[in-house]
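The next block holds one structure in the form of structure tokens; read it before the comments.
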Amino acid sequence: MKLTTSALTLVLSLAAHSDTAEAFTPSSSHIIRSQAISNSNLNFQNSNAASISRDHGAISFNVSNSKSALFAGIDDYDDEDDEDDDDEDYPTLTASRTNFPKLDPYDPNPPIKPRPGRFGFQSLEKEMEEVVPLADLEQTMSQKEREENLKIMRQIKNSDLGDLRLRKDHAGWVDANNDLKARTKADPWFRINDEIREGYMLGEMDNLEELKNIAEKLGGPPPGVKVGDRGYSLHTDIYEIGITASRAQSALEQSVLDERVRRGRAMAAERKKNMDKEQKAWEDMLTNPGEREDKEAAERRERTMRRILGEIEEDNKKREERAKEMLGQLPEMPKDNVSSLESALVEAREDVKRLRKMRREGRGLGEVSEDADLTFMNPEDRIDAADASVSEDSQPKGSAAKAREAAAAEAAGGRPRLPGDADITGGEIDIPTDAASSTSTGPLTVEVSSSYNTAQSDPPMRKHCFQYTIRITNNSPTDTIQLLSRRFEIQTVGSSMKDVVQGEGVTGRTPILKPGETFEYTSTAPLSVRPIATTIIAARMKGQYKYVTLADGQDTATPEQVKEGGNASAELGMFHFVFPEEQRVKPVVETIASADYDDDEDDKSETGPTTTTVTNSSSSSTRSAVSPPASAPVPKGAASPASTLPGDSDMASGDINIATSDSSNTSTDNVRVQVSAIYRPERSDSKLDKHCFAYNVRITNESLSQNIQLVSRRFEIQTIGSETKDVVQGPGVTGRQPTLKPGESFEYTSTAPLSVKPMDGKTAVVARMEGEYNFVLLGDDGSTPLSSTPLQAKMGVFHFILPDSESV
């Protein structure tokens, strides 16, 4: 018999058993089929046979409740089918549930041996019977015990279970997991938390408030567990499970991907926008040719105008800030051309009134026509101007005066300035010129001494550096003093203003002097000054130190005291910066031989240009070579820039047709001008055709009774081979307008650096120079000009001649 027949027989036999039939088969079973089945009847010869009959196209299986033994009627295996199983038959099984027959290896549906499930062999019904209702839950643990219980739960969840799994310790893992469950069950809050979470997830919001009240009754969450806004705590919060590295990497990659997608979409949108714009521009160009170019040109003009207007506005803001910084406030500026013109007319009228007042008082510059200064005024204003008596000091400062003050402040480096001492301005010092001083003020004594610093000075560039050492001593037997600030006034010789230097502390510190202590420091004073013959000093300096007396137990000054700068001051006595012997200008008299004079001047020229005032033997005092009084006239064009004139033909060709000399001596209107030139090889470079000469000029007033004042100069210089002459002119002489009494002389030395190629085959002359000095005659007071038209003192022609060559 075949295997399929045997298996079917086994199933039918089992189904025939009473207990098995009750468990697996209903009393009757009807299987309805869609098509008719043949009326053949299948009869199985067995004690527990089942009858199958056909009824109206249906097949019914009637299984009798036979009490025959299980597998009692199983046939032997067919000998023809398997020769190896001829003598083997299936054993007879009893009806017991625990005694199973021997399994057939060929049976496709063998019985399965029961195995323990997740809850072991205990039934779920028993577990459900032991569950306590939510309303009856009670907290049996204290907060300390709950905290310790949570700590152990987190240890098991986060460490122990994972370690046991890695070690493949299944029994230990089961014990640890059961321990975790038991500890979770021991704290009923965890059960309430799970109920609240499931309620939110399932949308069952009816009993959430009741569950939250039960959770509060149970003591809330264990210490260390946070409850979210929804009233429950997440699993990750309870066990403090952080995000894993793989999850963080995935989140990061997702963020990067989202950003790329966003950028891609933005780029696609921008590309589409540009394409639409280009398409529209193309269509507009086809519809209206030339309109696109006009529109682009208009946009460019608009952008350019915005940029220009922005730059103008920025420049105006900078000018306003600078004016506010220098003047203290913004000047009143006209708003339009009409107001600007009216403002200019008002200032002009005020200036006319002031000039007329000065002329009537004898302080005017020469003769002024009665109508010359009033021709532009209204008829009614002329009467007011003629009768006005406006004081210059009471006159409000105009924009020009403010601009001059701002320029002076800028020239002083932004420092405040004060009117200087007249003797320093004139160069005639009427007090002792000490290079040191010592002054006591209150409990402090300030001592100062100065000296010339040769290493940091450059006399040819008029740079003279002095250093001064200050020693401050606290003479108080009990008070402690702290220096807080300083203020110095420095005036260089020849300057009409004092520079004020002030600041906090001393050399960046605020030293504290206990009784009897001394503070000493050394500083430098770089000065830009030119020595003059009437004095040996370069500058005068004085000042003061502000300090505060510290109270008992006070270590340092308070911020308020520092801000005030001190409540007492100690004077720094007046002292002078004195030139050393080699830097001084020595007066010489006319009796000195010219040869000796030339040697002296040659020695002095090593240190740069010098200025000398010379008096005759009958004069008992010298006159200062200083800036002129305010009434000194300046001729027209005196401050004009250098210009050119047609040159001499012999200098252009190199065939000199006059006598060549490196000196000249010319007298004009009782004013003698003597000049001599000398080559300076140390400042020359013949390879580069650079030749430097020094020329010494002496101007002498040969009048017997008339004082004169030099006001300007004008020189004409022509280099060899040049077709033109260079004209150099300007006010004063070496920055001064000296006054010369009868018999007095003014002498100075200057340099002429020339860039010229000599004509070695024709002449040793490299340049020719001549000129004139303008001067005015002064009245008996020695300061008021007698005429507004200056006179001229000629400087004769002389040449700059290279050495080691004979004149042609």
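Here are a few things to note about the model shown:
- Computed over the stretch 490-579, Kirkwood Rh from alpha-carbon pairs, angstrom: 15.8
- Three principal axis lengths of the stretch 516-564 [C-alpha, angstrom, descending]: 56, 26, 16
- Taking amide hydrogens as placed 1.01 Å from N in the peptide plane, the amide H of G427 sits under 5 Å from those of G494, each at least 5 positions away in sequence or on another chain.
- For D669 and E321, the FRET efficiency from 1/(1 + (r/R0)^6), where r spans their Cβ atoms and R0 equals 56 Å, is about 0.55.
- Stretching R247 away from D163 to a fully extended chain increases their span by 28.2 nm, per 0.36 nm per residue minus the current alpha-carbon distance.
- In the stretch 414-556, one over the average inverse separation of all distinct C-alpha pairs is 16.7 Å, which is the Kirkwood hydrodynamic radius.
- Kirkwood-Stokes translational diffusion coefficient of the stretch 184-305, alpha-carbon pairs, 10 °C, 1.306 mPa s, µm²/s: 76
- 26 Å Cα-Cα threshold exceeded, pairs from K725/K762; K317/K353; K144/K168: K317/K353; K144/K168
- Overall form of the stretch 216-371 per C-alpha gyration tensor (a/c, 1.5; a/b vs b/c): oblate
- Backbone phi angles across the stretch 556-569, fed through the Karplus curve with coefficients 6.51, -1.76 and 1.60 (θ = phi - 60°), yield HN-Hα couplings of 8, 5, 6, x, 5, 5, 5, 5, 6, x, x, 10, 8, 9 Hz in residue order; Gly and Pro are listed as x.
- Cross-link pairs exceeding 21 Å between alpha carbons, from the set K324/K357; K463/K690; K757/K794; K741/K794: K324/K357; K463/K690; K757/K794.
- The amide H of N707, built 1.01 Å from its N in the peptide plane, has L778 as neighbours under 5 Å, considering only residues 5 or more places off or on other chains.
- Paired Rg and Dmax values of the stretch 641-754, which use every Cα atom, in angstrom: 16.3, 52
- Nonlocal amide H pairs with F466, under 5 Å, H built at 1.01 Å: N453, A525, L527
- 25 °C / 0.890 mPa s Stokes-Einstein diffusion coefficient of the stretch 697-808, Kirkwood radius on C-alpha pairs, µm²/s: 154
Just so you know, all these numbers are worked out from the coordinates, no wet-lab data involved. Worth saying up front: this structure is predicted, and the values here are computed from it rather than measured. When we count neighbours, we look across all protein chains shown, and the Cβ atoms used for this are built from the backbone with ideal geometry, even at glycine.
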